[in-house]
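Encoded as structure tokens, the structure appears first; notes follow it.
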Amino acid sequence: MIDINGILVVDKPQGWTSHDVVQKTRNLLGGVKVGHTGTLDPNATGVLVLLIGAATKSAYLFADDRKRYRAEITFGLATDTHDCDGVTTATGNPEKVDRKNLAEIIAGFTGESEQIPPMYSAVKVNGKKLYQIARKGETVERKPRTINIESIQTDMSLYPKIVLDIVCSKGTYIRVIAHQIGEKSGCPSHLSALKRIASGRYTIDDAVDFLAITQFHGRDEILRLVRPVPLMPKIP
């Protein structure tokens, strides 16, 4: 068997977990070890960087990669998961939102802040994933994490849906931001769509449609798409 060592950048389809993509890729490559550099929620699409074979040992090179997202937020309804998959927890009238004030609220999220991971997430507390605890109707205390929102650009042309272009640090939950914007504006809101358009140096233009890959008939077709692990500059 030919050794495989490299990176496969894919556009994750909606409805697939990041683990689903990793497992399917592993099967397509005949059991080769596969990992990824940053989880995407099942409903999210976009850039998922897969590490193939010996490249899985290079995960540390991507640990601090910043991310860029295109997020659609819909006003008028909040959910327990902060996205469109959850149970409705509150409703409101989007027409009562002051648009000028909304723009100021969104701008206020830029910079460094503390964010508490949502209960419906894969973060572990006492060895259990939060979403497993949440599904039992339970809530536990979560430690806040420091995040950094480098920039946010806002398009309100389709209100009560707005679209945000967000550049942020690793570990940022856009779902939480979508929920908090609703809280601060006085109208419940949730994340209705999310696409990661960049992860570190890789953008959506570098990504291959993962559903197309699943239709390949041999692993050689996939191997042609595998990139070498980038050389990192030496620390002087």
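Given the options GLY86, GLY46, GLY53, name the one that is of a type outside the set (A, V, I, L, M, F, W, C), open to solvent by less than 30 Å² (accessible area, probe 1.4 Å) and within 14 Å of the chain's Cα centre (by Cα). Every option except GLY46 fails the conditions. Here LYS24 does not fit the description of being surrounded by fewer than 18 Cβ atoms within 10 Å (Cβ to Cβ), modelled with pLDDT of 90 or more and in contact with a Leu (Cβ under 9 Å, 6 or more places away or on another chain). Filtering the range 10-27 to residues that are of a type outside the set (A, V, I, L, M, F, W, C) and more than 20 Å from ASP205 (Cβ to Cβ) leaves GLY15, THR17, SER18, HIS19, ASP20, GLN23, LYS24, THR25, ARG26, ASN27.
Scanning the range 61-83 for residues that are small (Gly, Ala, Ser) and either open to solvent by less than 20 Å² (accessible area, probe 1.4 Å) or in a helix (DSSP H, G or I) (or both) gives ALA71, GLY76, ALA78.
Counting residues in the range 114-124 that are without any contact (Cβ under 8 Å) to a residue 24 or more places away in the chain, over 22 Å from PHE75 (Cα atoms) and surrounded by 15 or more Cβ atoms within 10 Å (Cβ to Cβ) gives one or more. For the range 102-109, check the following and say yes or no: at least one residue is open to solvent by 20 Å² or more (accessible area, probe 1.4 Å) and either polar (S, T, N, Q) or over 17 Å from ILE149 (Cα atoms) (or both). Looking through the range 102-109, none of the residues is open to solvent by 20 Å² or more (accessible area, probe 1.4 Å) and either polar (S, T, N, Q) or over 17 Å from ILE149 (Cα atoms) (or both). If you go through the range 127-140 and keep only what is part of a loop (DSSP other than H, G, I, E, B) and touching a residue at least 12 places away in the same chain (Cβ under 8 Å), you end up with THR139, VAL140. Within the range 154-209, if we keep just the residues that are of a type in the set (D, E, K, R) and part of a strand (DSSP E or B), the residue that is least open to solvent (accessible area, probe 1.4 Å) turns out to be ARG196. Quick one: how many residues across the range 39-60 are aliphatic (A, V, I, L, M), touching a helix residue (DSSP H, G or I) at 6+ places or on another chain (Cβ under 8 Å) and not in a loop (DSSP other than H, G, I, E, B)? Total meeting the criteria: 6.
The values are calculated or read from the model by the stated rules, or taken from the named source; none is laboratory data. Source: prediction; values computed, not measured. FYI the Cβ positions are ideal-geometry reconstructions off the backbone, even for glycines, and counts take in every protein chain you see. Accessible surface is based on the protein model in full, side chains and every heavy atom, while ligands, DNA and RNA are left aside. Shrake-Rupley method; radii C 1.70, N 1.55, O 1.52, S 1.80 Å.
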